[in-house]
Each structure stands twice: as structure tokens, then as C-alpha cells.
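Below is one structure, written out as C-alpha cells; comments come after it.
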Amino acid sequence: MPDPPVFLCDASCLTDRMRVDRLAEALRDSCDLTVIPYACGERGVRKMREILEVSEASHGVILTGRCPAGEALGEVLADSGHAVTCLDVSAYASETVAAAHVLFRLRTEKKPAPRRARKVYADAVLVIGGGVAGVQAALDLAEAEKKVYLVERAVSIGGIMSQLDKTFPTLDCSICILGPKLADVGRNPNIELLTLTEVSSIKGEAGRFDVTLTLHPRYVDMSRCTGCGSCSEVCPVILPNEWDLNLKPRKCIHILFAQSIPLRASVDMNHCIGCQLCVRACEKEAINLEDTERKKKIKVGAIVVTAGLDPFDATKRAGYGYGRYENVFTNIDFERIVCASGPTGGSLVRPDGKPIKKVAFIQCVGSRDVRFNRYCSGFCCMASIKEAMLIKENVPDAEVTIFFNDIRAAGKGFEELYLRVLKHGVSFIKGFPSWIEEDAETRDLMLNFEEMVEGTHRSAMRVDAVILAGGVEPDEALAGLAETLGVERDPFGFLEERHPTLSAIETTVPGIFMAGGVQGPKDIPESVAQASGAAARALAMIHRLKARSRSQDESERSS
Amino acid sequence: MKDDAVRIGVYVCHCGKNIAGVIRTADAVAFAQTIDDVVLAREDPYLCAEPGQKQIMSDIQEFNLNRVVIAACSPKLHEPTFRGALANAGLNPYLLEMANIREHCSWVHHLDGPAATEKSFDLIRMAVAKARLLEPLENRRVSTHKRALVIGGGIAGMRAALDLADMGLPVILVEKSPFLGGKLKGWSRMHPSMERAESLILPMGTRVLTHPLISVFTDSEVTEFSGYIGNFRATVTQSPRGVLPSCDLCGQCVPPCPVTRTDTGEKAIYAPSKGANPSMMAIDFDTCTRCGACVEACPKDAIRLDEEAKEQVFEVGAVVAAVGFDLFQPESQPKYGYGALPGVMTSEEVEGWLRTSAEAGKLTHPRTGKPIRRAAFIQCVGSRDPEGNRYCSRICCMVALKQVKELLERDPDLAVTVFYRDIRTIKKEDEDLYREMRDRGVRFVRGVVQSVTGDPETPTILVHSELTDTLAADRADLVVLSLGSVPPAGRDRVKSVLKLSTSDDGFFLEAHPKLKPLDTAIDGVFLAGACQAPKNAAESMAQGSGAAARVAGLLTKDHLELDGIVAFVIYDQCHGECLLCMKQCPFSAIEPIVMDGKKKPRIIEAACKGCGTCAGACPHEAMQLKGFTRDQLYAQIDAALEVDPGHKILAFCCNWCSYAGADFAGVSRLSYPPNVRIIKYMCSGRVNRQLVLHAFEKGAGMVLISGCRPPGDCHYISGNIQCERRMRAIRNIVEKRGIHPDRLRLEWVSATEGVVFQRVVTEMNERLRELEAENA
């Protein structure tokens, strides 16, 4: 095998650290070296292609600085059928040391394996997670005529957005805009929706993954159930409805919410007493309490991960009394309280029936806090501002205070909504209450805090309700899912990007993409845009692999 | 259908409490049941949810309904959903009419429930009246050009182009400047990897330039644009670059060039670096004196100073506009001392300086030449300004923190102060940088900077500190203004050529902030990157990919379906020969044919966009628009004026801007008088004498004609201009009929101008009251 041509990139990434002329000097006699001004530039690539074209070697080596161009350069040269390896040589102590290491690598480097047998690529795509990001990715992929498996762990798709009352900054109804998208998923012939399903194992590589799914029993035959609800009517087991944050009751056999997709009942087997009343009530004979777990094997070309986000568990901030005090809520609890379909029918009242007139929001609960999550959750300032606006619309004379550190209204129309709540008389206090006490009799809450304006002094405030802006964090299952998929996680527990700027919607495993909160906290518009983005990357990757395999076939046939 | 009696089902949606909290829906249902031909009326908590849809579908079959009226939200939101339900139940989807009792009723009359309930009766009556006359329509199937146009060669545009090309779709990429890379060309390093910005954009640009499916046009703009989804025609005009592709960037032309650009300090012939993409020099002809020194110096004979502009026309199926952003010009705010005090630099200038000077050690101010011991950053320059740009520019906090980090890497002893209002480090890895900078002793002062004055080289910054509520002064050898983002310089050009809308902040308006953040009101035209709102590089790239997916959804199919709303001719009524319809059609969708010895019009259905301007043009009402026929519009007018006509304001609103503007008034809960009745047409180009006179003959108190703002906002190029022209004549006739001229008003309302709609109808109502009082 002839020696590979070696290209030395003469660009700032390397010249920041090293003198290219000295390195070239040290290498020139020992390998087939060409110095390329800006190997990543158009002219550089054309030059390298010319050299690779006439070279007998099967691949080339590019010496670069610390730069992300390697992968992209690999792709560019692969477009013209050339293979290259990039070596970062900028970290060595001197040019001589670098040269020695390069020569060592050249001698020991394994030659790329000869062309393997033709690979058969799968055309379908697996989307994990049925929140707004997963739904958007599935719809975009289906629209581009791909078969999509949309896998959701819960009984219905919809995710966190389905629980929200309104969305910022336009204050339009959340389920009104999400509902039709969910219905589209249910109707789309290209999408196979698998609820109560999890990924149990995965094998293969980009373009051809073999995935095994675990389908948990629903105890209801989806093809027979019509979602009529007569089973729930007779079910004697009444449980708190976790979808309504336990603020409303539900039956053991139930439909999660009005816009659920699929709109089918499911049985919560942990609480079923086996009375069979529902079985007898169902005219369609759809209920089977003996239903069991099943496995399903699918072949997909790409995977889009969108699941794995949880609201911060506010009980961890013990001083704020969430879970102990009846009238301390989180943002999401409050979304249900203010929602017309929620437990109070949209009336602003506490569980004890007292109208909510005086409210305090506390921002950054669990976020920007080195004890919990040191990152900013990004959207909670706007969530509280929006909820403050909803309170003011419902109860114009309500007194609303927001305790904050920085108000982060950074998005289209966000600052404008912030200015609007200021105009409506919402007060903002910089700083956080240190602890909250509950009046045992009235269940009102006392906030103790330091006001920082005009010096620091201690202050207290009595309110009907406290709303904690809890932020989000990776959910418990994400670690397991990441391990199953073999993708890396970042220091915060979210999925790590292939490159934080260039490939923020790709995971560290080629062929596995991501969108939405699993990459880091984000709001709805950004999740939707990312989801479309991940769909595009999956489409492009599958097309490229297939096109390459075709052109490989053709060149083999012609040779 | 003709033999069958009309059987209408009416559905009233609660939309949770959005409607039912204001309107007594049970009364609306009871009212609907009293209208002729209504076989069934029901209410439902959420008609858009699956149970609601199922109810409609089963009713259609069980009760043999052949028309459906949905009284719910704006048809802009759910018309496709309900049409789908009709189709699934075997009914032609066009046999649906919606009464907008949310945006146009409960949300704008939320303070007056009884009036809203009364109004909902009228809206339902109007919808039923139109529904009675609806005819089944067929969608048109059109083929698509399997090629996309991407405008903008920054990271968003390049990403979109690459993803599309990798999906096998050919791409035309048009970049206004001579080089790819957008704003990042001038940037130093990128957080969080701290790699050179150049190393991120160059490989991308190279792939774009060498991809077999991408044709790149630098120095180019889209100057003409026409057509419809799947079938656009774009004219690309390429300005002279003055340099041929044989240039190999040797740079020998640069030293002899005698002139220097004032904006960047480069020579008139220039390239950003040896790695420029494309790899050839460019000439800034605004600066160039055409002296010819470079021509002589060029060893490749690659310079042509007499090159001329070239035009090329492309047929494309879809467009991605990724035209980026510009930075705020601080000269307009003298309080920051920019220009007057050499010590003051902009964040953009600092990026350029950091990019080109890599050495560590004590820093020297590139403009004053003085050592920098203290640096100060002023945030929100041109952002969050009550008198200027009210929006937050989202990226400047991070740009500043990253610049502080780069400066401290060079000189760890540098004293840095950041004057800020809120630090907005909202991405997962951003807060760490903020914390790191605090830990390294960077001083963060929360407050609003009042002025930068004093010593030109070491200016004094006067700040109102929020913490202490005092005025404090601070001096620095380097004052950095963290500039906000503004819409790109070429925005107006792109806006008028592509017929896009902008939001209040001046950036391009998406079709829906959450449902369709990458779509625009023009089907087949998409947005990506910072031209929609300020965003960082990773976000822009995700959007670039996202827009590519949206395009792929259109162009991977063999055919697209277009709606069935097209013009048709009633030849018995057509007198022939005048061909006013053909002359006023904005899309050349009408051709002459000879019939009974006379020239008469024929509609080219694939080219018809369904505006109805021809229907407005025809003096004999022989030209009609399917779905918006004369009889259907008149039926709505008659129904609206059935009760108390003299007290009613009839508002004719075009589908795209003014109807959406009225919707926006609803979304924003802007109250206006409840006697307004909105009738939708596709375009104000539909307006003619007969329509207006019919309304007054039926006793309308006031008539509002409304459409997209002229000249450029019209979604059918010139319908609004035709409307404006005809209105002059209509006014005269109205006056001659003895109708007070104030009773007829023409107002343009754009999709975001809910406030304008509110103001106009409120004024009209006041005037109506006055006129009523005068006549009483």
C-alpha cells in the first residue's frame, strides 16, 4: 500500500498554536506532504481532491489545529469519493514533538478496511417521545413520505404542552394549537403510533438500526375501544389524576384528557381491584384485564430522541414547603388551576375554596442554583410572566409579586409581554424569599425576604398562594435511555451534542438525532423548530447513505 | 346534491371557557335550531378534539347532513381540521362554513357577555346563510419544480441548502455579499467550544460550494418573484464582482490598490482571509476608483473592472429566506459617545479586533493605542429601549461574556465591569460562563447607563445603579457597546419581492409562533435564522435544517394539492370584448377565447390564485370566485342585516391581512363595539360597486372595506391597488345616492394590526352614533 498523502492545514486554528513552516520542515522528508492554506476552504478542498485523485493510496491525512472542521471535511471529501483522516496536532509542546507523533501515527495507523459488502439501509425513522417536539418531527418525516414509528411511554401523546393553559407570548390556548397536531398524528397513515411503549434495546449503526420495543399492556384493545367512556363511569376505583397534578379525581380505567391521542381508555393496573365492572360495561368487548407485555422488533434508518424532560421536583427546596403547604404550587400546577378544563374549571381558587387574590411567584427554584441545577431553565421567567398576566386578566385587582434574580425575557415578543405585565401593575422584587411559613389556621403563606433596593432590609409578605417557577431537568429514565442508545450525556444530564454549535441536534452517535428539552431546556417555538431540524437531518442522512451505497454499487459494477 | 334538500348541522364550540365563559352557548344552540334548513345544532367543549370531530362525522352520516357550520375559533386555525372531518365522513370538505365566535366575538366582547351572545346569533345566521349556498369544490393537483431557492449564505441558509441537497433536491443559493458565511465571517470565537468562528463556517461553505446539487450565486439578489407553491419563478440578479474564478487569492492585487473602504478598513479589492469562500477576491465598487492598479498586478489576469450585472430566471418549488440580521447603529444614540470618543468601540469591532490579534499579554486599544487596564461593557445598546427597539436581542449578553473571556485569556489582570439590566444566559451551558466570569472577579453592575463622556481615550460612564439607587461614575480605557440585533439591511427588498409580512419588531413574521415557526403566510416560502427574530448560531442552524424539512415535505411528493377556490365565468352574463377581468388579473391566469364571435375570458385554473380581483373587475358580475360567489356574499350581507341593520357596521376583510388583523385584536383581547359584522373575501380586489351598494340598499349603517396595506402587502400583488382605484368611483356613486360619505370607509389593516382594527371600528361606531343622532 503506498503512503497516504499528508496535508498540512495553514490556517489560524493551527497557526494560533504552532508555526506551520517549522512543522512542514520537520515532516517534509519523511512523508508525502503538501501545505494547504486553509484546508477547509474551497480552494483547499479542490487542491486536496486533485492530489487524492492521482494518488495510489486509499486515503489521505489532514493535519489541523483544534477545530471542528475534521468531520465536515471528511464529508466534503466523501462527496467526491475520497477518504481522509484528520489529526489535531495543535496540542503538542513543539513542532518537533508534533512531527514525531504524526510520523508515528502514519506508520502505525491501520489502513481503512477494504470496502465491505453492500449494506441494506432502512427507510423508516423511529421518533422517541410524543411531546410537541416528537409530534412535529414525526409529522415532518411523514410528510416527506417516510414511515415513522412514534414511541411514547405514556398512554397518550401530548407531553408537557398538553398540560399548559396558555402559551407565551401571545397567550393563545395551548391545547387549541397542540390538539390539531396530535389529531394529525393519529390520522397520518405514515405514522405508527405506539403508546405505553419503551425502547428496550438497539443494535446496528446509522442507516440500519435494529430496535426492540417493549409494549406495556394497556388492558384495552385499541382496535375495539371507541373512547366512549362508559367503562370509567362504572369503575369504582377513584384516584387522584396525576395529569391534573392530583388536583382532580380520575377513575382507575380512564382516558387521560379530552384531546388524548389515541383517544382510548387504559387501565392503571397498580390500582385495579379486578372487579370486572368495566369489562361488563364495555359493549365493544374491548377490555382485557389479562393483557400482557409484548415485544416488537423494528428496523429504522435513523432515530430522533425527544423524550426525557421533567419539571424540577420542588419538594427538594424544603424551605418553600412545596408538598407540605397546601397553597404552594408550581408553574405547571397553576396551569391546571387556571385552565378551563382543570380542577377548578378555571376559577382562581385554592383547594380550600378561598379566592386567590394575592400571589407571589418565586423564580429560579432549582435552576441557577449550584445545589440543584446550575443551568438556567430558560423559559420559567416567561411562564411566570404569562401566568401573572392570566391572573391579572381574571382578577384585575389581584396583587401579584414576582421574586426574581434576572428577568430573562429573551425571545420574539417576550420583552413586550414583560412590559405589558409591568403596565398591569405586577411587582417585581429582585431577590428570593429565604423561607415560607404557613399560617396553620388560614393556610395563608408568609414570605420572608430581604429587599435589596435602597440598602438591604428584611421584609415579609402574606399571600394566598405561592407559585414556584421550578424549571426542568432530565427525567429519571433519560439515563437509562441514553445507555440503551449508547449516546453520551452532558454534565447536566441532558444529551450531549455532537458539536454544540454545528450539530446541536445530533447526539454523539451518528444516525441518532434529538430535539426539544432533551438537549437542554427550551420553549415551544424552539422545540418545534429543532424538531423539524432533526427531521431534516434524518432525511438527509438516510438519503446520503442510500445514494452512496447506490453509487458504490454502480462503480463496482462498472469496474 | 341538487335534488336533495339542504340539511345543515350547526356546532357551537365552548373552547373551554374561551367561548363558553362569555357567550351563553346553550342559547346560541337554541337560536341555531330556529334557522331554516338547520337539522341539528349541538354544543361541545372542544370541537377540535377527537370526540368533537367524531360527533360531527357520525352526525353527518346519521342525520344525512350535507352542510356543516362550525361556530368556534378563527377558520385560520382549524378550518383544515374540520374540513378533514367532513372529508372523513364522506362529505365534500368545502361544504363547511365557520362562524368565528371566538376571535371576533367572545375575545373582543369579554366584558359584555349578553352583547357577545347576541352577536354570536348573527354570526351563526350569516354562516348558515352562506352554508346554504355552498357547492362542493374539488382540489387542484399541481406538479412541483423539484428545486429549492435559499436566500442568504449565512449559517442558516447554508445549513438549509446542505440538508436539502443531501436529500437529493437541487438548490439555488443566493447570497447578497461576495462571500459565504454571513455575520460569523467577522466573528472571533464561539462559545462554548471557543473554536474560531471561521473554522465553523469555512468547512460548511466549502461543502456548499462543492456540492454537486447546489448552485451558489454570490453578489446576487432575488429581484423578481412570482408564482405559487411548488411553482415559483425567481429572477436572480448578480452584480459584477470584478474578479474571475481563475483568481487564486494570491493577494498581489491588494497592496497596489490605492483606496480603503471606510466601513471595514479593507482595500477596495479584498477577501476576508485566505480561506475565503468562494476562493476569489472581490471588489467593492462603491469604493473602487477603477484606476486599474489591481488589473496590472494580477498574475492570472483575473480582474475585470468592466463586468456587468447578469440576470437569470429559475423555476423553484419552494423558498427558504435566511437573510440574517444586522447590528444596531450606535451613532443614533449620542449618549454612548460612539464616534466622538475613540475609547468607545462596538461589540462587532471588538470581535474583528479579537479575530485578527491573537497574541497574549497586555492589551493595547486598537484605536487609541493606549494600554487597556480597565474595560467596561455596556449591555442593551439598541435593545430593550422604550423609545427604540423594545425587544431583547437575546445574544448580546453571551457575546459580551464571551468577549470578556477572550480578553481575560489575553490579559488575566484586566479589570472588567459589565453594566447590565438583566443577564440573560438562557442556554444550558451559558450560565456556567456567567458564573465563571463572576468568579474571576468581573464586576457586574445592574443599572441603566446614562452617558459616556469625558476623556476621549478613557471615557467616564455614568450609571444609575439599581441596587443602591445612586448615580455612579466609572472610567475605562476600553468601553464596549454590546449592540442589539436589528432586521437586516435588505429586509424591505426581500419583503416586497417575496410579499412577506413583518411583525412589530421589524423582523419577518412567521405563520404561527408555535405551530408553524418556520412557515410564512405565503405557502411554499419559509424562514430560517435571525431574520425571524434574534437567535444564536446553534438556533439558527437548527432552523435552517428545520426549514429544509418543511421544504422536503412539499417537494418530495409528486403532486401538491391546491385548494378549489378558483374563478369561473358565467358566460351568459359576460358581454365579451371588454376583458377587464383579464387586464386586472395579477397572475395572468385569464386568456381570451372567441365565443359567439366575441372575445371572452377563460380561466387558466392552475395559475389562478383565487383572489377574486376579476370578480371585482367585471361590470356584469359574470366573473365569480368559487367559495365566495356573489350570491354567497350577498346572503351573508342579508343575514348580517336582518335585525337592526342601521345600527350595524359591515366590515369586509381580506383573508390574509385584515381578517387576520381582526383575529389579532381578538388574541390581544382588544375590545371594540359589538355591532361589527365581519364578512371575509379572499382579497379586497373583489370589491365592486354592486357589493357596496347592496350593503347600503339592505340598510347597513356603516360599511368598512379593508385589505392588506398598499402597495406591497397584498398577497395577490395588486388586488388592494385595484380596490383603492375602484373605491374612488364607488364613493361618488354612494354620495349621489344620498348616502353620507362617512358611512363608507376604506382602511388597510395588516395581520398584526389588531390595534388599528379596534381603532377604526371604534371610530366608525362613534361616527354612526353621531349620524344617528343627526338624523333622529
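The values are calculated or read from the model by the stated rules, or taken from the named source; none is laboratory data. Just so we're clear, the structure is a prediction, and the values are computed from it rather than from any experiment. Every residue, glycine among them, receives a Cβ derived from its backbone with ideal geometry; neighbour counts consider all protein chains shown.
Computed quantities for the displayed model
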{"item": "Meets criteria (surrounded by 13 or more Cβ atoms within 10 Å (Cβ to Cβ), of a type in the set (A, V, I, L, M, F, W, C) and part of a loop (DSSP other than H, G, I, E, B)) for A:Phe449", "result": "no"}
{"item": "Among (1) in the same structural domain as A:Val328 (by TED's automatic domain parsing); (2) of a type in the set (A, V, I, L, M); (3) over 30 Å from B:Gly447 (Cβ atoms); (4) surrounded by fewer than 23 Cβ atoms within 10 Å (Cβ to Cβ), the one test that A:Ala479 misses", "result": "(1)"}
{"item": "Segment B:490-501 - residue that is more than 14 Å from B:Val320 (Cβ to Cβ) and touching a residue at least 40 places away in the same chain (Cβ under 8 Å) and, of those, nearest to the chain's Cα centre (by Cα)", "result": "B:Ser501"}
{"item": "Hits in segment B:458-477 (condition: β-branched (Val, Ile, Thr) and more than 14 Å from every other protein chain (Cβ to nearest Cβ))", "result": "B:Thr458, B:Thr460, B:Ile461, B:Val463"}
{"item": "Every residue from segment A:496-521 that is surrounded by 24 or more Cβ atoms within 10 Å (Cβ to Cβ), more than 7 Å from chain B (Cβ to nearest Cβ), within 27 Å of A:Cys67 (Cβ to Cβ) and touching a residue at least 40 places away in the same chain (Cβ under 8 Å)", "result": "A:Thr507, A:Ile512, A:Phe513, A:Met514, A:Ala515"}
{"item": "Single residue of A:Glu454, A:Glu416 found to be of a type in the set (D, E, K, R), in contact with a Ser or Thr (Cβ under 8 Å, 6 or more places away or on another chain) and modelled with pLDDT under 95", "result": "A:Glu454"}
{"item": "Unmet requirement for A:Ala286, which otherwise passes all of (1) outside the structural domain of A:Asn246 (by TED's automatic domain parsing); (2) over 30 Å from A:Pro521 (Cα atoms); (3) more than 25 Å from the chain's Cα centre (by Cα); (4) touching a residue at least 12 places away in the same chain (Cβ under 8 Å)", "result": "(1)"}
{"item": "The lone exception for B:Ala660 - which of (1) among the small types (Gly, Ala, Ser); (2) surrounded by fewer than 24 Cβ atoms within 10 Å (Cβ to Cβ); (3) within 14 Å of chain A (Cβ to nearest Cβ) it fails", "result": "(2)"}
{"item": "Residue match in segment A:91-112 (condition: touching an Asp or Glu at 6+ places or on another chain (Cβ under 8 Å) and within 14 Å of another protein chain (Cβ to nearest Cβ))", "result": "no"}
{"item": "Any hit, segment B:114-130, residues being in a helix (DSSP H, G or I), at negative phi, without any contact (Cβ under 8 Å) to a residue 40 or more places away in the chain and buried (at least 24 other Cβ atoms within 10 Å of the Cβ)", "result": "no"}
{"item": "Residue under evaluation B:Ala538, criteria (1) closer than 24 Å to A:Asp140 by Cβ; (2) within 16 Å of the chain's Cα centre (by Cα), criterion not met", "result": "(2)"}
{"item": "Those residues of segment B:415-457 which are away from chain A (no Cβ under 13 Å), β-branched (Val, Ile, Thr) and either farther than 21 Å from B:Met345 by Cα or within 34 Å of the chain's Cα centre (by Cα) (or both), in sequence order", "result": "B:Val448, B:Val449"}
{"item": "Single unsatisfied condition, B:Ser279 versus (1) within 14 Å of chain A (Cβ to nearest Cβ); (2) in contact with a strand residue (DSSP E or B) (Cβ under 9 Å, 6 or more places away or on another chain)", "result": "(2)"}
{"item": "Members of segment B:712-729 that are in contact (Cβ under 8 Å) with a residue 60 or more places away in the chain and of a type in the set (A, V, I, L, M, F, W, C)", "result": "B:Cys714, B:Ile717, B:Cys723"}
{"item": "Residues (facing chain B (nearest Cβ under 10 Å) and out of contact with any strand residue (DSSP E or B) (no Cβ under 6 Å at 6 or more places or on another chain)) located in segment A:15-46", "result": "A:Thr15, A:Asp16, A:Arg17, A:Tyr38, A:Cys40, A:Gly41, A:Glu42, A:Arg43, A:Val45, A:Arg46"}
{"item": "Number of positions in segment B:572-624 that are of a type in the set (D, E, K, R), in a loop (DSSP other than H, G, I, E, B) and farther than 23 Å from B:Arg141 by Cβ", "result": "4"}
{"item": "Some residue of segment B:761-772 being out of contact with any His (no Cβ under 8 Å at 6 or more places or on another chain) and modelled with pLDDT under 95", "result": "no"}
{"item": "All positions within segment A:167-210 that are assigned to a strand (DSSP E or B) and closer than 20 Å to A:Ser527 by Cβ", "result": "A:Thr167, A:Asp172, A:Cys173, A:Ile191, A:Leu193"}
{"item": "Odd one out for A:Ile175, checked against (1) more than 30 Å from A:Cys339 (Cα to Cα); (2) out of contact with any Leu (no Cβ under 6 Å at 6 or more places or on another chain); (3) surrounded by 20 or more Cβ atoms within 10 Å (Cβ to Cβ)", "result": "(1)"}
{"item": "Count of segment A:17-50 residues which are within 21 Å of B:Gly205 (Cα to Cα) and either modelled with pLDDT of 90 or more or not acidic (Asp, Glu) (or both)", "result": "15"}
{"item": "Segment A:46-68, subset small (Gly, Ala, Ser) and under 38 Å from the mean Cα position of the chain (by Cα), residue farthest from B:Arg189 (Cα to Cα)", "result": "A:Gly60"}
{"item": "Elements of type helices (runs of 4 or more DSSP H) contained in segment A:1-73, each with 3 or more residues being buried (at least 23 other Cβ atoms within 10 Å of the Cβ) and in contact with a Gly (Cβ under 8 Å, 6 or more places away or on another chain)", "result": "A:42-54"}
{"item": "Leading residue by the ranking (farthest from A:Ile157 (Cα to Cα)) among those in segment A:219-241 that are outside any loop (DSSP other than H, G, I, E, B) and not charged (D, E, K, R)", "result": "A:Val234"}
{"item": "Residue check, B:Glu103 modelled with pLDDT under 95, crowded, with 21+ Cβ neighbours inside 10 Å and among the charged types (D, E, K, R)", "result": "yes"}
{"item": "Top-ranked residue of segment A:242-254 - restricted to ones that are assigned to a loop (DSSP other than H, G, I, E, B) and free of Cβ contacts under 8 Å to residues at least 40 places away in the same chain, ranked as nearest to A:Asp310 (Cα to Cα)", "result": "A:Asn246"}
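Yes/no per residue for (1) surrounded by fewer than 23 Cβ atoms within 10 Å (Cβ to Cβ); (2) modelled with pLDDT of 95 or more:
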position: B:Ser393; (1), (2): no, yes
position: B:Lys405; (1), (2): yes, yes
position: B:Leu414; (1), (2): yes, yes
position: B:Thr417; (1), (2): yes, yes
position: B:Lys428; (1), (2): no, no
position: B:Thr453; (1), (2): yes, yes
position: B:Ile461; (1), (2): no, yes
position: B:Leu478; (1), (2): no, yes
position: B:Lys495; (1), (2): yes, no
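Here's the yes/no breakdown for (1) touching an Asp or Glu at 6+ places or on another chain (Cβ under 8 Å); (2) away from chain B (no Cβ under 11 Å):
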residue	(1), (2)
A:Leu150	yes, yes
A:Val155	no, yes
A:Gln163	yes, yes
A:Cys173	yes, no
A:Pro180	no, no
A:Gly186	yes, no
A:Pro189	no, yes
A:Leu194	yes, yes
A:Val199	no, yes
